[in-house]
Amino acid sequence: MRNLLLLPLLVAVAATVPLAAALSADGVALLAFKTAVTDDPSGALSSWSDADDDPCRWAGVTCANTSSSGPRVVGVAVAGKNLSGYVPSVLGSLALLRRLNLHGNRLSGTVPPALANATSLHSLFLYGNSLTGGLPPELCDLPRLQNLDLSDNSLTGSLPPELRRCKQLQRLMLSGNGFSGEIPAGVWPEMVSLQLLDLSDNSLTGAIPPELGKLAALAGMLNLSRNHLSGGVPPELGHLPATVTLDLRFNNLSGEIPQSGSLASQGPTAFLNNPGLCGFPLQVPCRAAPPSSSTPPPPSAAGSISGAGRPRQPIKTSLIVLISVADAAGVALIGVIVVYIYWKLRDRRGDGCGGDGDDDEEGKRGLFPCPCMRADDSSDDGSDDGDDVKRNNTTTTTTASGGGGGGEEGQLVAIDKGFKMELDELLRSSAYVLGKGGKGVVYKVVVGNGTTPVAVRRLGGGAAAAERYKEFAAEAGAIGRVRHPNVVRLRAYYWSADEKLVVTDFVNNGNLATALRGEHTPSPSPSPSQFVNLFGKRETYFLKKWSKLWLDFNKLW
């Protein structure tokens, strides 16, 4: 039926171009598109002429020998040419067209539903134009459609539920339009091939459908940002693969962020600018919700004994005073019990923070052992059992109890003078596991407002002899003096009897081989000859010496 509707238009085009009698039907359809273009400032279609009976020689046209009738048009790419006009329905008569790319122009009008007649079409790129109207559900009748990009237009209306028929669609990009209404539910489980979904920068409302968590093939991005979505983050989104990048920014979402599945591995940028969201990874604590005003108050003692149909008696003043006194006595009793337990636990625990004197019980014992650390970059008095240490032009920013410089109780040493971070700030910050190896677990720690990421390697929780602290500190001081553009800087280390941490600069995007080679994909470690090619003989010697220092440092564990 659609082909019959297009037949009069093809005849009309052929009648207006009498010399095009030798043109194939594909060439006539392309000349109809040229006729629909009202402004071609760069002359992109100047080679499309009715005097040339072979459209395969026209700029932006790709042909292939797909049948016995000769070459057929399989691709049309006229992108970024600032064309004005509209997209004619006659392009749907290109039965073997596989790719139509008209993005980056000034085309207006609607997306013609007749494009569904081009049954071989697998990629349709019309983004960056001025198209209006809605999303034609007929496009999902295309049996091979894999890529549909209509972003950055002026499309409106709601998302059609017929999207469920786009079973072969892999990438759906509709951002930067004016789509409104709710995201349809029950559609997404049937889109079994969808790998990327971008609905950002629209006017979508309502809740996020939990069915989005059933997009098992999703591997790139799920972008719902810059809409008017409300409600909570569905825990079902945690069923998405861990490789999916989630973007829910600039909405009206609320509630606590679920920590289920892949949701727990998302960074804070996935949830920013949702004033009602709280919980990890946002640094917004979730407070207990106040009781609803619609909840009826519990029945009073006087009201509970009143029979049905009898008016409630008001509570007497003496009863109110009695209840208040009982409450105060109960709170006082609980406080006494808590204080008693607190001091008992203090007596049982070992020395915590504080000085060396026996009388300094308040600083010496505690319910929870504290890191005994304060920032003081300018201290260099070399006094009191080596608590404040400054060696090899590095500043120690700690105070350790126990004396002797053994680092038995939480000593954090800042190798770099510019390292101003305190241990409690380090422990309170957001942390993400980067990897595990023979030398412990490596975390990415984002401090403060997210502008100071560092890498923290936990060398192990086993106890180490106190006399090994000096050997540990000497190796760390040697590594800390290394300055080279291809060597990660050691910023600080933390020593205690049962915990050892090493703080270095955080390097984005990849591992050591990536940083050395400048590549984006993992590659095998370079051989010594490749090191010579990369750095030269002098720097190769330098790196070998530094590597030996680092290996000696790790041998302590």
Counting residues that are at positive phi, open to solvent by 40 Å² or more (accessible area, probe 1.4 Å) and modelled with pLDDT of 80 or more, which strands (runs of 3 or more DSSP E) fully inside the stretch 437-509 reach at least 2? none
Based on what the data block shows, is Asp39 among the charged types (D, E, K, R), at pLDDT 50 or above, touching a strand residue (DSSP E or B) at 6+ places or on another chain (Cβ under 6 Å) and more than 24 Å from Glu138 (Cα to Cα)? yes
In the stretch 42-74, which residue that is within 15 Å of Ser120 (Cβ to Cβ) and under 46 Å from the mean Cα position of the chain (by Cα) is modelled with the lowest pLDDT? Thr66
Would the stretch 214-233 turn up any residue that is among the β-branched types (Val, Ile, Thr) and farther than 23 Å from Cys286 by Cβ? no
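The values are calculated or read from the model by the stated rules, or taken from the named source; none is laboratory data. Keep in mind the model is a prediction, meaning the values are calculated, not measured. Neighbour counts run over all protein chains shown; Cβ positions are idealised from the backbone, glycine included. These area figures cover heavy atoms from the full protein model, side chains too; ligands, DNA and RNA do not enter into them. Shrake-Rupley method; radii C 1.70, N 1.55, O 1.52, S 1.80 Å.
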